[in-house]
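In what follows, a single structure is set out as structure tokens and then discussed.
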Amino acid sequence: MKKTILILLAICILLPCFAVPAFAVEPPHLQSADAVLVVDMNTDTILYEVNKDQFHSIASLTKIMTCLLAVEAVEDGLVSLDDQVTAQSDVLQGLDVSSSNAQIQPGETFLFEDLIYCALVHSANDACNAIAVHVAGSIGAFVNLMNERADQLHCISTHFNDTCGMLNRTEGHFSCPYDLYLITREAMTHPLFANICGTADYHVRGTNYRPDGFDIHNSNALMSSKGLYGDGYIYDGVIGVKTGFTQPAGYCLVSICQRKEARIMAIVLGCNGPLTKTFAGEYQNFQDSAKLYEWAFSNFTNKTIFLAGEPMQRLPVEKAKDKGTVALCSTENLVLLVPKDIQEKEIVTEVIPDEGALVAPIRAGEELGTINVYVRGDKYASVRLTADADVELDKKIVRDQRIHDILTSGTLKTALISLVALLAILVGLRVFFRLHRRQQVQRKLWERERQRVGTERTPVRVSQRPYEAHPAQRRQSLQQQPPAPGRTPVFHASGQPQQRPQQPPQNTQRPQQSVARPPAGQRDPARVPPQQVRPAQQSVQQQSREPLRQQHPRAAEQPTQQAFPKVPRSGGVKIQRVQRPPSEQKPHPSGAQDISSLIGKSATSSTNSEEDLDALRAAFRREYGDK
């Protein structure tokens, strides 16, 4: 059991070290490559790989990044291809005397374009240092730019410490096949870079040290037989890119082979050769690359999936006039490198519209989605799709949709609730302020009435009326009543007042009239409000009532009030009760002194006129009735 487990663990550990073809075809037979990657550049499909993510010393493959930055600096306008670049003292910094170079000396002046050709075609290390100083000001600053650009390309297994690759992995200078593919793919998108790396032979223009210039040849033996590695390795269709060699890195090569629409990149690292520890009579980096191309083109073939402008699918469009539809067309020709034994049913396409794209209006040529191509279940390519024609908007649908959105939106509900709450608040405030205003008006009217009347009306109980006092008290009050003006009362020993001899009657005295109650429904002329009594009558009334008010025990406590205004009430007539001040109150005629006796006494006085007597009778009648 333990042996079985150990065997399984060993298999799991060693599996990544073996070649893994992307399709079910027989893998290629290579000689000595440590890391391999074969990619279809049209679709970024990996056809074959070995240790594609393993750290490895990359030697002069570093110059791909160096020349990429140089080309981008030219395109950005930071430098020009016609710049005269003078080599500085650090042009040979970190270089071995036997390393590949263009024999540049400090103080020698080159065109910037020629330096790029020397670095990328001839693999000159000293040209890389001259480029770095001209672009970034120093070699260290340029190396920092190299690492930043690698991060931008998502090269997670790459780090640079120099401009040419003289350093190895143990010195912090390394990469992997897949990262090299990302860097090279980006570099080949620049026409200047692709043109330079695909050049087999080039003549460097004269310098101040070498006026006649000199010729250089591409180090890639797959495309040039005049290079450092001789002939015998030429392979049809190769268009670049870069070779590399150091003892730690071995022989390395990044190359691209193009046949018709197919473009395949092959990367081999750590191959043997004449100068490696494991001696080989041939440069196996070229041999293994050629075998990879033979394997790819033997087992894979170009298959046209669709052409540019070909409709892939017709889909309905929302809010379109007359229920319109739109056809999604491809933006480019798609030619895939697929296994030769593949069947049509094993190639599947999937159209994925962009979210919210199929909504009118749509213009012809507008991107609406993507088509994915799957080969034997694996995603092989993706191409953008565009509209084939214009699609007009149905305004009626838009209007109905807007109304529906407004009615179903939470904003409208919130607005209605807020409006209802606001109206309720306004109604409540209106009611409150109206009630408050009414109370204020009533209070003001009350205050005005109080100011006009004098004091607040206080209801008086019947038992408090002064004319309900005891008869003895009334007699005492009558005795203390002051005589009428012009008369002096005379009292007997018994305490009863005695009448003086009457004066001869005057012709002005009117005969006494009998008092009769007016018929029902008519107003008694004698019953008139106090304010309508003549001044003479009022004075007689006040004189006759004042002694009684002064004698009543609660007369001093009762405030002086006047009649309140009559306020009509709904459903009847308000009966107003008038309480007179103590100075105008009269005792009820009871006991020995009645109304006729008081009138008789007043009549015996020669000073009282007939009008005074009539006023006195009327006052008594108004106060006590006919009793």
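Things worth noting here:
- Test: residue in segment 321-344 that is open to solvent by 30 Å² or more (accessible area, probe 1.4 Å), in contact with an Asp or Glu (Cβ under 8 Å, 6 or more places away or on another chain), part of a strand (DSSP E or B) and touching a residue at least 12 places away in the same chain (Cβ under 8 Å): no
- When we screen Gln287, Gln258 for residues that are open to solvent by 40 Å² or more (accessible area, probe 1.4 Å), assigned to a helix (DSSP H, G or I) and at pLDDT 90 or above, the only hit is Gln287.
- Test: residue in segment 201-209 that is farther than 14 Å from Gly240 by Cβ, of a type in the set (Gly, Ala, Ser) and touching a Ser or Thr at 6+ places or on another chain (Cβ under 7 Å): no
- In segment 267-316, of all residues being in contact (Cβ under 8 Å) with a residue 24 or more places away in the chain and among the charged types (D, E, K, R), the one that is farthest from Pro339 (Cα to Cα) corresponds to Lys277.
- Every residue from segment 195-226 that is farther than 17 Å from Ala124 by Cβ and charged (D, E, K, R): Asp212
- Evaluation of Cys128 against the conditions (1) crowded, with 17+ Cβ neighbours inside 10 Å; (2) over 17 Å from Ile196 (Cα atoms) shows that the sole unmet condition is (2).
- Some residue of segment 362-379 being surrounded by 15 or more Cβ atoms within 10 Å (Cβ to Cβ), within 30 Å of Pro28 (Cβ to Cβ) and among the charged types (D, E, K, R): yes
Table: residues versus (1) touching a helix residue (DSSP H, G or I) at 6+ places or on another chain (Cβ under 8 Å); (2) of a type in the set (A, V, I, L, M, F, W, C).
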site: Ser225; (1), (2): no, no
site: Tyr251; (1), (2): yes, no
site: Ser255; (1), (2): yes, no
site: Ile264; (1), (2): yes, yes
site: Gly273; (1), (2): yes, no
site: Thr278; (1), (2): no, no
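- Hey, Ser32 loosely packed, with under 15 Cβ neighbours inside 10 Å and among the small types (Gly, Ala, Ser) or not: no
- Strands (runs of 3 or more DSSP E) contained in segment 1-114 and holding at least 1 residues modelled with pLDDT under 90: 45-50
- Restricting attention to segment 35-55, the residues that are at positive phi and surrounded by 19 or more Cβ atoms within 10 Å (Cβ to Cβ) total 1.
- Count of residues meeting criterion [over 47 Å from the mean Cα position of the chain (by Cα), open to solvent by 40 Å² or more (accessible area, probe 1.4 Å) and not hydroxyl-bearing (Ser, Thr, Tyr)] in segment 132-173: 5
The values are calculated or read from the model by the stated rules, or taken from the named source; none is laboratory data. All figures in this text were calculated on a predicted structure; none of them were measured in a lab. Because the Cβ atoms are built from the backbone with ideal geometry, glycine has one as well, and the counts that use them run over all protein chains shown. Just so you know, the surface numbers come from the protein's heavy atoms only, side chains and all, with ligands and any DNA or RNA stripped out. Shrake-Rupley method; radii C 1.70, N 1.55, O 1.52, S 1.80 Å.
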